[in-house]
Every structure is written in C-alpha cells, then in structure tokens.
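Peer 1: There's a structure below that I have some questions on.
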Amino acid sequence: MSSKYHLSKGSSAEHPYDLVITPESAGWSHSGLRILTLAPGEAHTLGTGDSEFLVLPLHGGCTVGVAGETFALNGRSGVFDSVTDFAYLPRASEAIISSASGGTYALPSARTERTGLRARYGRKEDVPVELRGAGNCSRQVNNYCLPGTFDADQLLVCEVLTPGGNWSSYPPHKHDDARPGTESQLEEIYYFQVAGENGFGYQRVYGTEDRPIDVLAEVRSGDAVLIPHGWHGPSIAAPGYDLYYLNVMAGPGQERAWLICDDPAHGWVRTTWESQETDPRLPFGAEEIRSTESGAKEFGAKEKDR
C-alpha cells in the first residue's frame, strides 16, 4: 500500500521507468531517483537537465555513451552478489544507456548548479566497503559516491546490505538541520530490494516535536521510502530475508557532507557494540571483496561509530 512517504512497487512508475522520484513529486528541492529496466538489445536516452546522475547497475551490465565517451559497465548478477562499477553523468548532458543482455539500473540524481564536472567511470575496485555496527546491528555499506570516495557536487549515494534478522539505520538518526560540522541538511530516498520471493522488511521514520512525521512501512522489493526530515531507523530485515537498500541524498548546503546526529534516547546502543562481534554472514560477496584493493583495506573493520 502506498502513502505519501512509502511508495510501493509500481505506484510511481512512469514509462519507461519502473520508479520515478523527482524533487517535484517528493515535495522537496534536490534528491531524485529513477529505476530503469532494459530488455536485451534495448537502449534509452537520458537527458540530465539540471541534475547530476549516476548510472548504477542493480542487475546486469550496460554501455553508457556520453559526451563522446563510452563507458562499458560490467555490472553484477544482483545486489547481494557484489559491488558494481558505475558511471557519473554531469548536469546538462545526454547519455545513451544500452544493454546487449538486458538489466535493471538505478539512476540516482541531485539538482546542481555546478558546471565543469565531466562524465566519468567509477571502478568497482575503488568502491570502499565498510562493515558497520556489531551483533544484530551488523550491516555492510558500499560507499559509491560520498565525500572522499567519488567527486560530485551535491549527490551522495551508498548501498546498505543487512543480513536477515538484523537492524540497520540504528540507532535512529537524522540530518535535517544545517549545523556546520555537526549535522547536514539532506533529503533522502531509500530504495529496497529483499532476498527471497516473499521477502519483506520494515522502515521507521518519526519526527521531532516541531516537525512531525510518522512512517512505519512494510517494504518489499521495488518499494521506496521518502525521508524529507526526522529520525529514520531502524531498517529491519525480517529473519530469513536479507535486506538491501540504496540511499540517495542531496540538499541545499554549500558543503557536500553527510553529518548525522543520533536520537539521544537510543544513541547509547552504540556503546554495546564494543563487546560484540560482527555478524559472520558479512560481507556479502566476501571472496570478491577480499580480492579488491579497497575491499582488502576495509574488510573486517568495524565502523562502530557510525
């Protein structure tokens, strides 16, 4: 069932996209996401307009032609199998996305006024993979397009993978108030996939006294949740069903930063992680991650402070 903030699969489809979230449809100013599925041999022309985009394969590979360059994205067999290579598309560009074998592609976006950035290829070997939390709060984060991992103007993109029965985005946190050095003002989209034919999870969003919001959504593959403000978390993976979500963030701040603050009622939970081990089911695609330079550096580390 769809609501203002929970978009069930298909409820925001707009040909040729499986899902379309624009700043206008979300009721905010910067963040956007489209999900594109191509049949074998099919191609799609994407005009970026006033936004910067990533082409991020979820399933399958593709070729991206833009500004006289061609990027061959090998992609992946699925979001739980490995990280992926990707392409960055700047404002005011036109790209042709084509696939010989077909696939599904996330197109996260952010409004920007910056010109001069060029289209670029992002190697999967350079994507930092972190293990955060511990115990049943263990999760994996693939940091594609964040400050320090890939240059963009406003766009922030990462993936979170949570083993069945675990909690992510916990303790609940927010980033809706511009406080330099402490908290960023960011609009956020969660796009979900769940392992298993009948897999499901839950997403919680709740507000502050002066800015109320109340979301408790059962999420399944293809669903999205909009977070304009407020505390968000936990993201709960039902036992037996691994949970994936793509995070897309952007905001009006001049500094591209992801700074969060915990709900003070629950932040103490972090102190319990020091005595717990990381869930041994992590990371997903362990052998492949170990073989990459960035993965070898990050593999096994507990990012317990985030």
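The values are calculated or read from the model by the stated rules, or taken from the named source; none is laboratory data. These figures come from a predicted structure and were not determined experimentally. Ideal geometry is used to build each Cβ from the backbone, glycine not excepted, and the neighbour counts take in all protein chains shown. Surface accessibility is based on the protein's heavy atoms, side chains included, excluding ligands, DNA and RNA. Shrake-Rupley method; radii C 1.70, N 1.55, O 1.52, S 1.80 Å.
Peer 1: If you take the residues of segment 223-282 that are in contact with a Gly (Cβ under 9 Å, 6 or more places away or on another chain), surrounded by 16 or more Cβ atoms within 10 Å (Cβ to Cβ) and among the polar types (S, T, N, Q), which of them is farthest from Cys137 (Cα to Cα)?
Peer 2: So, considering only residues that are in contact with a Gly (Cβ under 9 Å, 6 or more places away or on another chain), surrounded by 16 or more Cβ atoms within 10 Å (Cβ to Cβ) and among the polar types (S, T, N, Q), the one farthest from Cys137 (Cα to Cα) is Ser235.
Peer 1: Tell me which residues, restricted to segment 261-301, are touching a helix residue (DSSP H, G or I) at 6+ places or on another chain (Cβ under 7 Å), modelled with pLDDT under 85 and either farther than 18 Å from Tyr144 by Cα or not in a loop (DSSP other than H, G, I, E, B) (or both).
Peer 2: Ile289, Arg290, Glu293, Ser294, Gly295, Ala296 - these are the residues of segment 261-301 that are touching a helix residue (DSSP H, G or I) at 6+ places or on another chain (Cβ under 7 Å), modelled with pLDDT under 85 and either farther than 18 Å from Tyr144 by Cα or not in a loop (DSSP other than H, G, I, E, B) (or both).
Peer 1: More than 16 Å from the chain's Cα centre (by Cα), within 27 Å of Ser221 (Cβ to Cβ) and open to solvent by less than 10 Å² (accessible area, probe 1.4 Å), is that true of Gly133?
Peer 2: yes
Peer 1: Can you name the strands (runs of 3 or more DSSP E) wholly within segment 128-224 that have at least 1 residues being over 24 Å from Ile35 (Cβ atoms) and basic (Lys, Arg)?
Peer 2: Filter on segment 128-224 gives 129-132, 176-179.
Peer 1: Would you pick out the residues in segment 43-58 that are surrounded by fewer than 21 Cβ atoms within 10 Å (Cβ to Cβ), of a type outside the set (A, V, I, L, M, F, W, C) and in contact with a strand residue (DSSP E or B) (Cβ under 7 Å, 6 or more places away or on another chain)?
Peer 2: His44, Thr45, Gly47, Thr48, Asp50
Peer 1: Search segment 96-127 for residues being among the hydroxyl-bearing types (Ser, Thr, Tyr) and assigned to a loop (DSSP other than H, G, I, E, B), and hand back the single one that is most open to solvent (accessible area, probe 1.4 Å).
Peer 2: Thr115
Peer 1: Moving on. Please specify each residue of segment 1-49 satisfying the condition of being touching a Ser or Thr at 6+ places or on another chain (Cβ under 6 Å), β-branched (Val, Ile, Thr) and part of a strand (DSSP E or B).
Peer 2: Val20, Thr37 - these are the residues of segment 1-49 that are touching a Ser or Thr at 6+ places or on another chain (Cβ under 6 Å), β-branched (Val, Ile, Thr) and part of a strand (DSSP E or B).
Peer 1: Would you mention how many residues in segment 199-210 are open to solvent by 20 Å² or more (accessible area, probe 1.4 Å) and modelled with pLDDT of 95 or more?
Peer 2: Result for segment 199-210: 5.
Peer 1: Among (1) under 19 Å from the mean Cα position of the chain (by Cα); (2) farther than 18 Å from Phe284 by Cβ; (3) buried (at least 22 other Cβ atoms within 10 Å of the Cβ); (4) of a type outside the set (S, T, N, Q), which single condition is Gly61 missing?
Peer 2: (3)
Peer 1: Looking at Pro171, is it surrounded by fewer than 23 Cβ atoms within 10 Å (Cβ to Cβ) and out of contact with any Ser or Thr (no Cβ under 7 Å at 6 or more places or on another chain)?
Peer 2: Spelling it out, Pro171 is indeed surrounded by fewer than 23 Cβ atoms within 10 Å (Cβ to Cβ) and out of contact with any Ser or Thr (no Cβ under 7 Å at 6 or more places or on another chain).
Peer 1: Out of all the residues in segment 56-78, is one or more charged (D, E, K, R) and under 18 Å from Tyr190 (Cα atoms)?
Peer 2: The answer is no, given that none of the residues of segment 56-78 is charged (D, E, K, R) and under 18 Å from Tyr190 (Cα atoms).
Peer 1: Could you identify the single residue in Glu187, Glu218, Glu255 that is among the charged types (D, E, K, R), farther than 26 Å from Val20 by Cβ and touching a residue at least 12 places away in the same chain (Cβ under 8 Å)?
Peer 2: Glu255
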